[in-house]
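The values are calculated or read from the model by the stated rules, or taken from the named source; none is laboratory data. Values in this document were obtained by computation on a predicted structure and should not be read as measured data. Note that we place each Cβ from the backbone using ideal geometry, even for glycine, and neighbour counts take in every protein chain shown. Ligands, DNA and RNA are excluded from the accessible area calculation, which covers all protein heavy atoms including side chains. Shrake-Rupley method; radii C 1.70, N 1.55, O 1.52, S 1.80 Å.
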Amino acid sequence: MSYRIPLIKPFINDRVKELVDEVLDSGFLTEGPVTRQFEESVASYIGVPHAIAFTSCTTGIETALRVAGIGAGDEVIVPDYTYPATANAVKIVGAVPVIVDVDPQTLLMDYDKMEEAVSANTKAVIPVSLFGNPLDFDRLMMAKERYGLLIIEDAACALGSSFKGRKTGGWSDMTVFSFHPRKFITTGEGGMVTTQNAQWAEAMHQYKHFGMGKSVGREEMVFQDTGTNYKMSNLLAAVGLAQMEKIDDLLNERMLLAENYRKLLHGNQKIRIPETTGNGMHSYQSFAVFVPDRDRVMRQMRAEGIEVQIGTYALHQHPAFQQLGVRLRGQYPGSIRAWEETLVLPMFHSMTSAGQTEVVQKLTLCVE
């Protein structure tokens, strides 16, 4: 279905088309120098020495877990309110996802529940900076020191966000971003892992290239270990590279759109906005609100030609996470509330104030 006001539009300007054409004309379509430039651009923006491009955020999380040595018998704590990929990656490497509730105000992992779930087998935690809301690294770093945990952040939505002035991607042991079309920096499909750890960076690079070591030529190539093909092509990287040249402008525009939504929604007692982490800067990959009778409101908004969407999923409600090999921890009132009430509103780079006003006016009528 085509909507008058879509949820999001990818930013495709002439520079994107120019770089894509250059790659097409070069004939070098697989991963190569343009992918390297994209990785360097993301690393420079975040302020870390290493950024490794992947086919998706999911394969990035999987590889991060593998190079950290996490596998069979290990437990990894993940939030319940997240896209299934977060926990799936843990299952893929043979470890046990331990699923805990989220804070119903921020929609982020409940840090108290996280600490209660730590056991002798817990090796890592994968907190999710959902919708672009940054994590509270004061709490996470205390837990890291207390329990010896690795922090592998699922920052699929959070490029551009920060905590205490330090960008997401520079805090965790490894941070994984997504460039899916719902993200404001997109390559169509793709992901990126950032880290300070040179050994992990090299291991990830090796794993996603079939296990091959560095070599000056194909004839001298040595395959050091088992690996697979998780490479990002030059073609996809060209789209992301061009968008990274405009990231500050695109991010500032999202800040203005988010602030305008806040002003338009101010005083409405039936439509609430999730809290942003204290000392954090939200990047607003999604502008989410809490509404009563969410599914009815969503149907009515779509009937009006306005594309709105659910937030994400409560994992414990799905058969894939009710099986052996998954540890459900306690109850999930925060996640259930998030699942039932969260609605994502349209936000894209060319959205007008008039468009936002119409969205809020229609939404207000739907919740009356």
Of the residues in segment 182-196, those that are crowded, with 24+ Cβ neighbours inside 10 Å, farther than 22 Å from Lys17 by Cβ and among the polar types (S, T, N, Q) come to Thr194, Thr195
Scanning segment 308-317 for residues that are open to solvent by 40 Å² or more (accessible area, probe 1.4 Å) and over 27 Å from Arg4 (Cβ atoms), the one nearest to the chain's Cα centre (by Cα) turns out to be Tyr313
Mind telling me which of the residues Gln206, Gln199 ends up being more than 23 Å from Gln243 (Cα to Cα), open to solvent by 10 Å² or more (accessible area, probe 1.4 Å) and either assigned to a strand (DSSP E or B) or touching a Gly at 6+ places or on another chain (Cβ under 9 Å) (or both)?
-> Gln206
Using beta carbons and a limit of 9 Å, which pairs, at least six apart or on different chains, have the first residue in segment 241-260 and over 16 Å from Thr357 (Cα atoms) and the second one of a type in the set (Val, Ile, Thr) and open to solvent by 40 Å² or more (accessible area, probe 1.4 Å)?
-> Ala242/Ile12; Gln243/Ile12
Please find, within segment 159-196, the residue that is farthest from His282 (Cα to Cα) out of those that are of a type in the set (Lys, Arg) and assigned to a loop (DSSP other than H, G, I, E, B).
-> Arg182
Taking segment 318-366 as the search range and keeping residues that are in contact with a helix residue (DSSP H, G or I) (Cβ under 7 Å, 6 or more places away or on another chain) and without any contact (Cβ under 8 Å) to a residue 60 or more places away in the chain, which one is surrounded by the fewest Cβ atoms within 10 Å (Cβ to Cβ)?
-> Glu340
Given the structure, is Lys263 closer than 17 Å to Gln356 by Cβ and of a type in the set (Lys, Arg)?
-> yes
Of all residues making up segment 131-158, the number that are within 22 Å of the chain's Cα centre (by Cα), among the aliphatic types (A, V, I, L, M) and open to solvent by 10 Å² or more (accessible area, probe 1.4 Å) | 3
Can you tell me which residue within segment 89-115, out of those that are under 14 Å from Arg327 (Cβ atoms) and touching a helix residue (DSSP H, G or I) at 6+ places or on another chain (Cβ under 6 Å), is surrounded by the fewest Cβ atoms within 10 Å (Cβ to Cβ)?
-> Pro97
Select from segment 37-51 the residues that are within 16 Å of His209 (Cα to Cα) and either open to solvent by 30 Å² or more (accessible area, probe 1.4 Å) or in a helix (DSSP H, G or I) (or both) and list them in ascending order.
-> Glu39
Please enumerate the residues belonging to segment 263-280 that are in a loop (DSSP other than H, G, I, E, B), farther than 21 Å from Gly165 by Cα, open to solvent by 30 Å² or more (accessible area, probe 1.4 Å) and touching a residue at least 60 places away in the same chain (Cβ under 8 Å).
-> Asn268, Lys270
List the number of the failed condition for Lys17; all other conditions in (1) in contact (Cβ under 8 Å) with a residue 24 or more places away in the chain; (2) open to solvent by 60 Å² or more (accessible area, probe 1.4 Å) hold.
-> (1)
Selection from segment 139-158 of residues closer than 15 Å to Cys57 by Cβ, touching a Leu at 6+ places or on another chain (Cβ under 8 Å) and part of a strand (DSSP E or B) yields Ile152, Glu153
Before we move on, is Phe54 touching a residue at least 40 places away in the same chain (Cβ under 8 Å) and open to solvent by 20 Å² or more (accessible area, probe 1.4 Å)?
-> no
Which of (1) open to solvent by 90 Å² or more (accessible area, probe 1.4 Å); (2) under 22 Å from the mean Cα position of the chain (by Cα) is the odd one out, the single condition Tyr230 does not satisfy?
-> (1)
Taking segment 160-178 and keeping only residues that are open to solvent by less than 10 Å² (accessible area, probe 1.4 Å) and not β-branched (Val, Ile, Thr), one is left with Gly160, Ser161, Phe163, Gly169, Gly170, Ser172, Met174, Phe177
Looking at (1) assigned to a loop (DSSP other than H, G, I, E, B); (2) of a type outside the set (Lys, Arg); (3) open to solvent by 20 Å² or more (accessible area, probe 1.4 Å), can you tell me which one Ser283 breaks?
-> (3)
